[in-house]
1. Relative to the first principal axis of the alpha-carbon coordinates of the chain, what is the inclination of helix 329-341, with its axis defined by its Cα atoms, in degrees from 0 to 90 and to the nearest 10?
2. In Å², and per residue, what accessible area does the range 178-340 have when probed at 1.4 Å with the other protein chains present?
3. As I understand it, the value is the acute angle between the Cα axis of helix 283-292 and the longest principal axis of the Cα atoms of the chain; what does it come to in degrees, rounded to 10?
4. GNM, the chain, Cα, under 10 Å: largest mean-square fluctuation among Gly293, Gly136, Gly175?
5. Test of understanding: extend the Cα→C-beta vector of Glu285 to 7 Å, then name every residue of the range 257-275 with backbone N under 15 Å from that spot.
6. When the convex hull of the Cα atoms of the range 84-157 is projected onto a plane and the area is averaged over all directions, what value comes out in nm²?
7. Would the range 9-63 count as rounded, prolate or oblate if I go by the C-alpha gyration tensor, calling it rounded below 1.5 in a/c and otherwise prolate when a/b exceeds b/c, oblate otherwise?
8. Would you work out the relative contact order for the range 48-117, in percent, from Cα pairs under 8 angstrom that are 6 or more residues apart?
Amino acid sequence: MKTEEVTPIKIEKTTSSRIGQVDFDKLVFGSVFTDHMFVCDYVDGRWETPQIIPYQPLTLDPSARVFHYAQAVFEGMKAYRDDNDGIWLFRPDENFKRINRSSERMAMPVFPEEYFFEGVKTLLKLDEEWIRKGEGNSLYIRPFVIATEPSVMASPSNQYKFVIICSPAQSYYGGEVRVKIADHYSRAASGGIGYAKAAANYGAQFYPTSLAQKEGYQQVIWTDANTHEYLEEAGTMNVFFRIGDTLLTAPTNDRILDGVTRKSVIAIAEANGIKVEVRPVKVSEIIAAAKDGSLKEIFGSGTAAVINPVAGFGYGDEKFELPKMDKPYASMIKKLIVDIQYNKAEDPYGWRYKVE
Ligand SMILES: *Cc1c(COP(=O)(O)O)cnc(C)c1O
């Protein structure tokens, strides 16, 4: 988009950092935030006054349209500190493009590239101390856009706020994950907003997920809304299946989020001689493979955990356990990606982005 009038970011620093109160060894994901935030407002048809201010509540009119019509999109990305104190992002251009694809779908204005990158970099420089060294430690970055115009008229807002907040994160082991294959509820419909990182997609998942949790599962594997015959995503992650030595994952479509980690898993797997088939994956073939022993692994992929192995799954009244593999693809591929993220390995793909 045109960025004729790019104004420099105004910075107001905090007078008292909260970092001393944070126990970095006992972080609960997404609950602690750094000292500063980036904000930029869309008024009169353009984004103006990008600023960084101390982390604080937003004040919105109760009629702001985000509260009534869910015009809200977000992104999730991470910053990593290497052993020489270099700070890195992983494929941030993908997140930038995706937040604008999401915004377009929700009839929201796209955000200028320059503000996005300058906003992220300036914020990371200011809150650099919050990015801890050591594998598993990272800073989760959450850009989001909300409709702020005061009015309950059911039409797109004329005012928006773009915000970036950051939360220190540790790698965590949440225990074994068992998933329920959806046969009634769906996450997204054809022609809908499944491919957008829209806040509403998440709100809609909570109820069916809580039903699965009552049955003892941690997450739902979403199937296509029309037939429930095809496997699409696992919770809020993309999903991979290993049958024999082949990895299977569904092609992206308008019901599936085009994950940065998914793309990276496919590229890394192929570069390491693993056969990957990107094609519709049928529930029936996974059940058959589970029964004949050729189903070796299921894992989810996403920025938060990179790769999350699945220990077992349920379909209807049947329950299946996955074998414990000696050298699972999940851990092998995860290590290859994490080593690039933390600047511990060559990056032939050009995925790493230095923050300086
Ligand atoms: C964010 C998200 C993913 C993972 O995307 P990454 O870019 O890999 O973090 C997958 N599925 C859904 C529904 C998501 O919202």
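1. 20 degrees
2. 42 Å²
3. On a 0 to 90 degree scale, this one is about 50.
4. Sorting by GNM fluctuation, first place goes to Gly175.
5. Under 15 Å, as judged by backbone N against the label point of Glu285, lie 275 of the range 257-275.
6. Computing the convex hull of the Cα atoms and averaging its projections yields 6.5 nm².
7. Prolate.
8. Normalised by residue count, the contact order of the range 48-117 is 24 percent.
The values are calculated or read from the model by the stated rules, or taken from the named source; none is laboratory data. Computed from a predicted model, the values in this text were never measured in an experiment. Glycine also receives a Cβ, built like all others from the backbone with ideal geometry; neighbour counts cover every protein chain displayed. Heavy atoms of the whole protein, side chains included, go into the accessibility calculation; ligands, DNA and RNA do not. Shrake-Rupley method; radii C 1.70, N 1.55, O 1.52, S 1.80 Å.
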